[in-house]
Amino acid sequence: MSRIGKLPVAIPEKVSAKIDGSTIEITGPKGTIAKTFHKSVQIEESEGQIKVSPGDSTRFANAMYGTARSIINGMVKGVTEGFSKDLEINGVGFQAVLKGKVLNLKLGYSHDINYDVPEGITIALDGTTKLKVSGIDKQVVGQVAASIKSFYPVEPYKGKGVHIVGEFIRRKEGKSVA
């Protein structure tokens, strides 16, 4: 039995949930998110709470209902507070410029990188080297941050590149003269 899966998800006042079989739609002040889960997970709403339970007694159902509960909790948090990730760009001449829904990155290559910002995601720039990716879907916010980071991950010797703030970066010592 999942310890997290047994806990109910509280629905705040400004949030409404609509359950249709294994599909759940959460609407709140920041927007609407809908997800469909595997049929081996049962989702029920009662008394301002969402309860998730395994639909059958298979090992897969027991594994999935804790995951489903965690995703639903993230959906509720997303429509009330939202999610964000901060990124930082380090390097001489490295910068980011936002042109409408296109993020233009200058990362030391012979060409600029143009990244189309997906629907539901907002990118705010603080200067030219600090970005804040925010949205209501936790998975999409993380994927966008990882995609931007993948254009030039931090290299371990000088620390140049794009990194997510709070992430550990292993630094290496350069060659030493004997």
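The values are calculated or read from the model by the stated rules, or taken from the named source; none is laboratory data. All figures in this text were calculated on a predicted structure; none of them were measured in a lab. No Cβ is skipped: glycine too gets one built from the backbone with ideal geometry, and neighbour counts run over all protein chains shown. Ligands, DNA and RNA are excluded from the accessible area calculation, which covers all protein heavy atoms including side chains. Shrake-Rupley method; radii C 1.70, N 1.55, O 1.52, S 1.80 Å.
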Filter result for residue 33 (outside any loop (DSSP other than H, G, I, E, B), at negative phi, of a type outside the set (Gly, Ala, Ser) and touching a residue at least 60 places away in the same chain (Cβ under 8 Å)): yes
Strands (runs of 3 or more DSSP E) fully within region 45-137 counting 3 or more residues that are open to solvent by 20 Å² or more (accessible area, probe 1.4 Å): 49-54, 83-90, 95-99, 113-116, 121-126, 130-135
Options 14, 39: the member that is open to solvent by 90 Å² or more (accessible area, probe 1.4 Å), assigned to a loop (DSSP other than H, G, I, E, B) and farther than 18 Å from residue 80 by Cα: 39
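Would you tally the residues in region 132-166 being touching a helix residue (DSSP H, G or I) at 6+ places or on another chain (Cβ under 7 Å) and of a type outside the set (Ser, Thr, Tyr)?
Result for region 132-166: 8.
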Complete set of residues in region 46-57 that are touching a strand residue (DSSP E or B) at 6+ places or on another chain (Cβ under 8 Å) and farther than 14 Å from residue 68 by Cβ: 48, 49
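Specify which of the listed residues (173, 119, 155) is under 26 Å from residue 67 (Cα atoms) and among the charged types (D, E, K, R).
Going through 173, 119, 155 in turn, the sole match is 119.
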